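The structure appears below as structure tokens.
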Amino acid sequence: MALHILKRPETEIQALAQALIDAKQQVGLCSVCFHLSAEPVCEICRNTNRDDHTICVVSDSRDVIALEKTREYHGKYHVLGGVISPMDGIGPEQLTIQSLVRRVSQQKPKEIILAISPSVEGETTTLYLGQLLKPFTRVTRIAFGLPVGGDLEYADEVTLARALEGRRELD
Amino acid sequence: MYLKTLHLQQFRNYQEQWVDFLAPKTILVGNNAQGKSNLLEAVELLATLRSHRSTRDRDLVREGELMSKVSATLERQTGITDLSLTLRRNGRRTVALNSENIRRQMDFLGILNAVQFSSLDLDLVRGGPDQRRTWLDTLLIQLEPVYAHILQQYNQVLRQRNALLKKIQSSDEQSSEELTVWNEQLVSAGIRVIRRRSRAIALLAPVAANWHESISGSTEVLQVKYAPNVVTADEHLDELQQAFIEKISSRAIAEQHQGTTLVGPHRDEVELTINQTPARAYGSQGQQRTLVLALKLAELKLIEEVVGESPLLLLDDVLAELDLHRQNQLLDAIQDRFQTLITTTHLGSFDAQWLKASQILHVQAGEIASG
Ligand SMILES: Nc1ncnc2c1ncn2[C@@H]1O[C@H](COP(=O)(O)OP(=O)(O)OP(=O)(O)O)[C@@H](O)[C@H]1O
Ligand SMILES: [Mg+2]
Ligand SMILES: [Zn+2]
């Protein structure tokens, strides 16, 4: 992208730079689910047609976008903002886990779907959340047969849709 | 299996070198520091994606170059495969089969099988437990390529758990919910490693003992024994899990104090004993060589049995170090069944019959000439 931009006239680059800065300032995080949003509460959280009884927990906003493309999921989301990784100084406190627990204890959803990549860190995050949330409600996880090292982001829509159907109880 | 060609580009001291292997045995002859071991190392890399001499890809790339490529054509009963491995000075390596990039390195392993035997292997007897773990792990990767993934996962859990223990150590936290989860991860990843190591040694030990008996003239009894850090009375999964968890909690205070993981297969040992005495303490260099030779022959047989085809044998300098009796034992064992690449500085110590049946390549300053 950088090379492509360098070929454009300078005025155009200036305009683009300003647009990027504006976008960065405007796009914040939804105060409910922490998905990227220009408004204090995102479109998905505001949408009254969506099922309030299911929360799908993902590590990253990109996962929300990937799951939305499947059009199979009609509940709400919660974006953790990463996965547990002590080597990178990321523990549960660095993620939006406290807010999630608060949200769950207040809203009392019927199901929480954990859709976190099956890496060592993702798996640990899934286990951690499972233990934390099971006292509140039913917790399931997406049983995705994604390739080793594959991320949710790269899974095609069919794979994800199938994964949603095949989710299983966290034991 | 038969390695037909090897193509080295910007690899170690080679610029661009094609090699056609024309006989079941190839002898690479040349002075010191000419590139003999480098060529064997290239084959070892294609087989295991590891090198016993180097852990950094940047060392493998020819000085002054950014990229290196090792390619080979391999004939197996199932057909002919082109393998290639691209190494980068800065960046990740990539692998391809029949010119198609393979995303998981696991799918590349197990195509070419090779047993490496060099004078460094004496460290199997003399060195610390980590040498024997690395040896066993490298063998396992060839027996079950999925083990590469299993081991990588375990090591990742270990690094993460160590980082957490360090953090707990410096913050005086008492207990941690997060640590409980990492414990579970350590146990489940660790058990996968333990069970496979245990299975491999169970298969290897009797074969090695047999070889050792025949080489030493049945005066000595070799015992190869897996001594895991987490010990159980029986191999049952539940038992192992239980023992692992109990050992973690019994060492909890020490772990938090030291800020590192003290329990798990990263502390395993493989015990080598001759006539009930630890081999390290026992005997002469010659006896230790016999032991290593027996282990290597056992590796060959085991891979052949499990994979269903005979692996390559890479003999780096060792032949000359063995006395005639052991040389003959080795040559008898491999015959023409195992394609063998041999390095040496002198052809003098080789049997004349043998020389006649072998392809001889002269290695000089990163170039190979047949002669
Ligand atoms: N990345 C590299 N770039 C250029 N040259 C290298 C590189 N790595 C190693 N070499 C050179 O390769 C040579 C060593 O080659 P090798 O280990 O194959 O020797 P050898 O023929 O087996 O010798 P010996 O008989 O001593 O075992 C050395 O001269 C070393 O400088
Ligand atoms: Mg050498
Ligand atoms: Zn929202």
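The values are calculated or read from the model by the stated rules, or taken from the named source; none is laboratory data. Because the structure is predicted, anything quoted here is derived from the model rather than measured. All Cβ positions, glycine included, derive from the backbone under ideal geometry; neighbour counts span all protein chains shown.
Figures for the structure shown
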{"quantity": "One residue from B:Ile215, B:Ile253 being under 24 Å from B:Gly286 (Cβ atoms), more than 14 Å from chain A (Cβ to nearest Cβ) and modelled with pLDDT under 95", "calculated": "B:Ile215"}
{"quantity": "Residue list for segment B:113-132, restricted to those being of a type in the set (S, T, N, Q) and within 24 Å of B:Ile150 (Cβ to Cβ)", "calculated": "B:Asn113, B:Gln116, B:Gln131"}
{"quantity": "In segment B:336-346, the residues that are surrounded by 13 or more Cβ atoms within 10 Å (Cβ to Cβ) and closer than 27 Å to B:Asn13 by Cα", "calculated": "B:Gln339, B:Thr340, B:Leu341, B:Ile342, B:Thr343, B:Thr344, B:Thr345"}
{"quantity": "Filter result for B:Thr78 (of a type in the set (S, T, N, Q) and out of contact with any Lys or Arg (no Cβ under 9 Å at 6 or more places or on another chain))", "calculated": "yes"}
{"quantity": "Among residues of segment B:104-156, those that are on the phi > 0 side of the Ramachandran plot and within 12 Å of chain A (Cβ to nearest Cβ), counted", "calculated": "0"}
{"quantity": "Residues satisfying the stated conditions in segment B:157-196, i.e. assigned to a helix (DSSP H, G or I), at the interface with chain A (Cβ under 10 Å from one of its Cβ atoms) and more than 30 Å from B:Ala233 (Cβ to Cβ)", "calculated": "B:Arg159, B:Gln160, B:Ala163, B:Leu164, B:Lys166, B:Lys167, B:Ile168, B:Glu177, B:Glu178"}
{"quantity": "Residue pairs meeting the criteria (Cβ under 8 Å; at least 6 apart or on separate chains; first among the β-branched types (Val, Ile, Thr), in segment B:245-257; second crowded, with 17+ Cβ neighbours inside 10 Å)", "calculated": "B:Ile245/B:Asn183; B:Ile245/B:Val187; B:Ile248/B:Asn183; B:Ile248/B:Leu186; B:Ile248/B:Val187; B:Ile248/B:Glu255; B:Ile248/B:Val263"}
{"quantity": "Which numbered condition A:Ser105 misses (of (1) out of contact with any helix residue (DSSP H, G or I) (no Cβ under 9 Å at 6 or more places or on another chain); (2) at pLDDT 95 or above)", "calculated": "(2)"}
{"quantity": "Selection count where residues are within 25 Å of B:Lys356 (Cα to Cα) and either within 14 Å of ligand 2 (Cβ to nearest atom) or touching a residue at least 24 places away in the same chain (Cβ under 8 Å) (or both), scope segment B:8-37", "calculated": "18"}
{"quantity": "Check on B:Val19, buried (at least 19 other Cβ atoms within 10 Å of the Cβ), more than 14 Å from every other protein chain (Cβ to nearest Cβ) and either within 10 Å of ligand 1 (Cβ to nearest atom) or not in a strand (DSSP E or B) (or both)", "calculated": "no"}
{"quantity": "Residue in segment B:266-275 that is surrounded by 18 or more Cβ atoms within 10 Å (Cβ to Cβ) and assigned to a loop (DSSP other than H, G, I, E, B) present", "calculated": "yes"}
{"quantity": "Residue match in segment B:286-299 (condition: in the same structural domain as B:Val207 (by TED's automatic domain parsing) and β-branched (Val, Ile, Thr))", "calculated": "yes"}
{"quantity": "Members of segment B:211-265 found to be assigned to a strand (DSSP E or B) and not hydrophobic (A, V, I, L, M, F, W, C), listed by number", "calculated": "B:Gln223, B:Lys225, B:Tyr226"}
{"quantity": "Test: B:Glu75 is under 19 Å from B:Phe108 (Cβ atoms) and acidic (Asp, Glu)", "calculated": "yes"}
{"quantity": "Criterion: touching a Pro at 6+ places or on another chain (Cβ under 6 Å) and either within 16 Å of ligand 2 (Cβ to nearest atom) or in a helix (DSSP H, G or I) (or both) - qualifying residue of B:Ile303, B:Ile368", "calculated": "B:Ile303"}
{"quantity": "Options B:Arg76, B:Arg89; residue that is within 22 Å of B:Leu139 (Cα to Cα), surrounded by fewer than 21 Cβ atoms within 10 Å (Cβ to Cβ) and either among the basic types (Lys, Arg) or at pLDDT 95 or above (or both)", "calculated": "B:Arg76"}
{"quantity": "Hey, B:Thr26 of a type in the set (Val, Ile, Thr) and either more than 30 Å from B:Ala352 (Cβ to Cβ) or within 13 Å of ligand 1 (Cβ to nearest atom) (or both) or not", "calculated": "no"}
{"quantity": "Qualifying positions in segment B:145-155 - closer than 16 Å to B:Ile191 by Cα, of a type outside the set (Phe, Trp, Tyr) and touching a residue at least 12 places away in the same chain (Cβ under 8 Å)", "calculated": "B:Val146, B:Ala148, B:His149, B:Ile150, B:Leu151, B:Gln153, B:Asn155"}
{"quantity": "Within segment B:46-112, strands (runs of 3 or more DSSP E) holding 3 or more residues that are more than 12 Å from ligand 1 (Cβ to nearest atom) and under 18 Å from B:Pro145 (Cα atoms)", "calculated": "B:79-88, B:94-97"}
{"quantity": "Hey, B:Arg62 of a type in the set (D, E, K, R), in the same structural domain as B:Thr340 (by TED's automatic domain parsing), modelled with pLDDT under 95 and over 20 Å from B:Leu300 (Cα atoms) or not", "calculated": "no"}
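One line per residue, one yes/no per condition, for (1) assigned by TED's automatic domain parsing to the domain that holds B:Glu41; (2) within 16 Å of ligand 3 (Cβ to nearest atom); (3) within 20 Å of the chain's Cα centre (by Cα); (4) not aliphatic (A, V, I, L, M):
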residue	(1), (2), (3), (4)
B:Ser54	yes, no, yes, yes
B:Gly79	yes, no, no, yes
B:Leu83	yes, no, yes, no
B:Glu100	yes, no, no, yes
